[in-house]
Amino acid sequence: MNDIRGKTLRLSRELLFTATSPSISVTKLQPNDVEGIREHMRTHGWVIIRKLFTSTEALAMRDGVLRSKRELLTGDLLSNPHLRTTLLDSRFLTAVKTVVGPKPVYFGDSNWSADYYPGTIGFHKDNPDKENQSAPDWASDYTIFRFGIYLHDCTQYSGGLCLRDKSHNSVSVTRGQSFAVPTEPGDVVAWSHRTTHSGYATRLRLLPKVFLPLQLVARLATNPAGYMPPPALFRGLQYPERLALFASFGRRDAHLERYVRYLCTRQYYVQSVKDSVWKPEAVEQANTAGLDLLSLHEQLRNVDVSKLNKDHVPLPS
C-alpha cells in the first residue's frame, strides 16, 4: 500500500510540474563553438551539437544499423564493420574531445538500437550512485558522458530522447524541467551520466511541445508488440524503425574507475565485451584518432554472465 501511495504521489508531482513549469528554450550549438558547448554542458548537463553529419550520412548510418540487425551483429560499435566509421569519424571525435577532454577514454560502452526494449520509458540516471548524494559520484564534477545520434527527425515526430534540464547535480529524478530533445538527423546530443533521461519521447498530435508524464506514456504508447503510439493521440515515428547510435566516453580518473567497476557487475556490458572483437586495424585507427582505449576483454573473458546483475545494484560506497 505504501509503495502504491508513493508512486501516486510521485506521478502527481510530475503532473503538476509539467502543467506549471515554463517552456524550455532548447539551444543547438555549432560544432566549432567549443566554449559554448562546454559551458552548456556544465550548466545544463546536456548539449545538442547541430548538423555534425549530413542528412545523406545519417541515411547511410540508418542502413548500417539495419544491416547490423539483419546480420544479428552484437557487440560494441568499434567491433561493428558497418558502424565503426561513425564512431571514429574525426568530426564526431572532435565533439567528444570538446565535451570530455583532449584524450577521451573509450571502454567499449556503445551500441546501436533498432528495437523497443520494455522498461526503457522512464526517467533514470546512468551513473552507479543513483540514490545517495553523499556517494563518490557526487563528490566532484562528473566526467563520463553519453553521446547519442538519433537517425530520424525528433523535432516533429516521436521516438527521441527525453531529458530533465539541469538535473545533473541532484540524485532526484523528479527535479529539472522535462522536455523532448528536438534533434534532426545529423545532430549529436550529449549528456552527463548523472543527467536524468529516458528513451522514447512521445509527442501529442495536437500539442507536440507538451510533455506528458512518462508513466502515462508507457501505458498509452506501448503494448506487447512494442512501441506503438496510438495515432489518434500521438505523433508516430518518422520512419517505421526507430534507429539510433550511442557511445560513452570518460576521463582516466576516479569516476571512470568506479563506473567501469560498476559495469563489470552488469550482464549487458560484460556480454557486450565478450561479443566485441577489436580487430588490430580498428585499434590502430582508434589510437590514431586520439582515443585512449580501455580494453576489458581479457579481464572478463572467463566471467559467468549469468551470475551478474541484470538490473541496477548499487556499488558499496
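For the stretch 55-153, which GluC sites (Glu not before Pro) are in a loop by DSSP, counting at most 14 other Cβ atoms within 10 Å?
Here the GluC sites (Glu not before Pro) that fit, given the DSSP loop and packing criteria, are 71, 131.
Take the alpha carbon atoms of the stretch 220-273, find their radius of gyration, then divide it by 2.2 N^0.38 Å using N residues; give the quotient.
With N residues counted in the stretch 220-273, Rg over 2.2 N^0.38 Å equals 1.78.
Can you give me the % of accessible surface on the chain that is carbon or sulfur? Probe 1.4 Å, all protein chains present, nothing else counted.
Taking all protein chains in place, the chain shows 55 percent carbon and sulfur surface.
Over the chain, with the other protein chains present, what is the accessible area per residue in square angstrom, probe 1.4 angstrom?
Spelled out: the 1.4 Å probe surface of the chain, per residue, equals 48 Å².
In the structure displayed, which of 279/307; 69/279; 130/279; 51/125 lie more than 30 Å apart, Cα to Cα?
The pairs that break the limit, which is 30 Å between Cα atoms, are 130/279.
Taking +1 at the Cβ of each Lys and Arg and -1 at the Cβ of each Asp and Glu, which of 249, 163, 273 sits farthest along the dipole of the chain towards its positive end, judged by Cα position relative to the Cα centre?
Of the options given, the answer is 163.
Consider just the alpha-carbon atoms of the stretch 32-144 and return their Rg together with their Dmax, both in angstrom.
Cα-based Rg and Dmax for the stretch 32-144 come out at 16.4, 46 Å.
With +1 on the Cβ of every Lys and Arg and -1 on the Cβ of every Asp and Glu, and nothing else charged, how large is the dipole of the chain about its Cα centre, in debye rounded to the nearest 20?
About 780 debye.
Per residue and in cubic angstrom, what volume does the convex hull of the Cα atoms of the stretch 55-112 have?
79 Å³
Using Cα-only point scatterers and the Debye equation, what is log10 of I(q)/I(0) for the stretch 142-211 at each q in 0.13, 0.16, 0.19, 0.26 Å⁻¹, rounded to two decimals?
The Cα Debye sum returns log10 ratios of -0.36, -0.54, -0.74, -1.17.
For the chain, what is the mean residue ellipticity at 222 nm derived from helices alone (per DSSP H run of n ≥ 4: -39500 (n - 2.57); sum divided by total residues; nearest 500 deg cm²/dmol)?
Rounded to the nearest 500, it is -9500 deg cm²/dmol.
Taking the Cα atoms of the chain, what is the range of coordinates along each of the three principal axes, in descending order and whole Å?
Over the chain, Cα extents along the principal axes are 52, 47, 43 Å.
For a quick size check, give me the Cα extents of the stretch 178-312 along its three principal axes, largest first, whole Å.
Extents along the principal axes, in whole Å: 52, 36, 29.
So how long is each side of the stretch 187-258 along the principal axes, counting just the alpha-carbon atoms, biggest first, in Å?
For the stretch 187-258, the Cα extents along the three principal axes come out at 49, 27, 24 Å.
Net charge around residue 176, counting only other residues with Cβ within less than 10 Å of its Cβ (Lys, Arg = +1; Asp, Glu = -1)?
Here the charged neighbours net out to +2.
State whether the stretch 142-183 is rounded, prolate or oblate according to the following rule on the C-alpha gyration tensor (a ≥ b ≥ c being the square roots of its eigenvalues): a/c under 1.5 gives rounded; otherwise a/b larger than b/c gives prolate, and the remaining case gives oblate.
Judged from the Cα gyration tensor, the stretch 142-183 comes out oblate (a/c at least 1.5, b/c at or above a/b).
With unit charges on the beta carbon (Lys/Arg positive, Asp/Glu negative), name the residue among 263, 312, 285 whose Cα is farthest towards the positive pole of the charge dipole of the stretch 252-317.
Sorting the options by dipole projection puts first 312.
Compute the signed sum of charges (Lys and Arg +1, Asp and Glu -1) over the other residues within less than 11 Å, Cβ to Cβ, of residue 131.
Around residue 131, the charge tally is 0.
How many angstrom lie between the Cα centre of the stretch 248-317 and the Cα centre of the stretch 106-165?
So the two Cα centres are separated by 17 Å.
So, counting K/R as plus one and D/E as minus one, what does the shell of residues with Cβ under 10 Å around residue 203 add up to?
+3
Could you give the longest part of the chain that holds none of the trypsin sites (Lys or Arg not before Pro) found in DSSP loops with at most 12 neighbouring Cβ atoms within 10 Å?
Longest stretch, sites excluded: 1-208.
The values are calculated or read from the model by the stated rules, or taken from the named source; none is laboratory data. The model shown is predicted, which means the values in this text are computed figures rather than measured ones. Because the Cβ atoms are built from the backbone with ideal geometry, glycine has one as well, and the counts that use them run over all protein chains shown. Ligands, DNA and RNA are excluded from the accessible area calculation, which covers all protein heavy atoms including side chains. Shrake-Rupley method; radii C 1.70, N 1.55, O 1.52, S 1.80 Å.
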